[in-house]
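Worksheet: the structure to be examined is printed underneath.
The values are calculated or read from the model by the stated rules, or taken from the named source; none is laboratory data. All values reported here derive from a predicted model rather than from experimental measurement. Reconstructed Cβ throughout: ideal geometry from the backbone, glycine too, with neighbour counts over all protein chains shown.
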Amino acid sequence: MRPAPGEVLHFSEDPAIEVFRPHVAATARQQAPYVWAVGHDRAPDYWFPRQCPRAMAWIGPGTTSDDAERILGAGSGARVHAIEYGWLDAMRTVELYAYRLPAAQFSAYDAAVVATTEVVPLGPPERVGDLFALHAEAGIQLRVLPNLHAFWDAVIASTLEFSGIRLRNALPRSVGVPASGTMSR
């Protein structure tokens, strides 16, 4: 599920949004009201239930081969997403929808795009479908871990590019994490 040329996507569990209105999210670091969406490259970041914590890493121009092999695995592809076991049922059963929005109304903002005016979808929302199949079709590893913290610590200390979403919803660091807090090879 990716946007077509001239489109961006907004993912939601709500299939009845008719107009997207700018708002300040409860967790926002900025105070300006926005409508949030993503382009082609970042759409996979949202192939999850909304509240699901996820840690994601991928090869970038500055990634060393040692870091890629240590964290992604030898011959395993260019990108990995990780969730916790407690989110498996939600990943299997969530009804996730993608809204196609006109890209011309959006401007770049960090890894996303934002609009400052109301946005009307280009059509009805599309059911995203099987999130595991989406990951597989895109060649993205999907790891299921007891706890995200050791993986996340290794990723952010590496040369990989990364994103963490809803990490505040992850299990506490002390639950299911080895005492050393490191990843093994």
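Is it the case that the stretch 74-94 has a residue that's among the hydrophobic types (A, V, I, L, M, F, W, C) and over 16 Å from the mean Cα position of the chain (by Cα)? Step through it out loud before you land on a result.
We begin by selecting, within the stretch 74-94, every residue among the hydrophobic types (A, V, I, L, M, F, W, C); these are 74, 78, 80, 82-83, 87-88, 90-91, 94.
Imposing the further condition that a residue be over 16 Å from the mean Cα position of the chain (by Cα) reduces the set to 74.
Yes, because at least one residue in the stretch 74-94 is among the hydrophobic types (A, V, I, L, M, F, W, C) and over 16 Å from the mean Cα position of the chain (by Cα).
Out of (1) touching a Lys or Arg at 6+ places or on another chain (Cβ under 9 Å); (2) under 17 Å from GLU13 (Cβ atoms), the odd one out for ILE140 is which?
Here ILE140 meets the rest and fails (2).
If you go through the stretch 1-22 one residue at a time, how many are in contact with a Pro (Cβ under 6 Å, 6 or more places away or on another chain) and closer than 17 Å to SER107 by Cβ?
Filtering the stretch 1-22 down to residues in contact with a Pro (Cβ under 6 Å, 6 or more places away or on another chain) leaves 9, 15, 22.
After this cut, where a residue has to be closer than 17 Å to SER107 by Cβ as well, the list is 9, 22.
Residues that pass the stated criteria total 2.
Among the numbered criteria (1) touching a Cys at 6+ places or on another chain (Cβ under 9 Å); (2) within 24 Å of HIS23 (Cα to Cα), which one does GLY164 miss?
It fails just one condition, (1).
Going through the stretch 35-87 one residue at a time, which ones are over 30 Å from ARG21 (Cβ atoms), without any contact (Cβ under 8 Å) to a residue 12 or more places away in the chain and in a loop (DSSP other than H, G, I, E, B)?
Those that are over 30 Å from ARG21 (Cβ atoms), without any contact (Cβ under 8 Å) to a residue 12 or more places away in the chain and in a loop (DSSP other than H, G, I, E, B): PRO61, ALA74, GLY75.
Limited to the stretch 109-163, what total is found for residues that are in a loop (DSSP other than H, G, I, E, B), of a type in the set (Val, Ile, Thr) and loosely packed, with under 15 Cβ neighbours inside 10 Å? Steps first, answer last, please.
Within the stretch 109-163, the subset in a loop (DSSP other than H, G, I, E, B) is 110-111, 116-118, 120-125, 128-130, 138-140, 146-148, 157-160.
Adding the requirement that they be of a type in the set (Val, Ile, Thr) leaves 116-117, 120, 128, 140, 159.
Within this subset, residues satisfying the condition of being loosely packed, with under 15 Cβ neighbours inside 10 Å are 116-117, 120.
Selection size over the stretch 109-163: 3.
Take the residues of the stretch 22-52 that are farther than 26 Å from ALA170 by Cβ and exposed (fewer than 11 other Cβ atoms within 10 Å of the Cβ): which is modelled with the lowest pLDDT?
GLN31
Restricting to the stretch 60-81, what's the tally of residues that are under 20 Å from HIS149 (Cα atoms) and surrounded by fewer than 20 Cβ atoms within 10 Å (Cβ to Cβ)? If you could, list the steps in order and put the result at the bottom.
In the first step, residues of the stretch 60-81 are kept if they are under 20 Å from HIS149 (Cα atoms); the result is 67-73, 79-81.
Narrowing further to those that are surrounded by fewer than 20 Cβ atoms within 10 Å (Cβ to Cβ): 67, 69-70, 73, 79.
Final tally of qualifying residues: 5.
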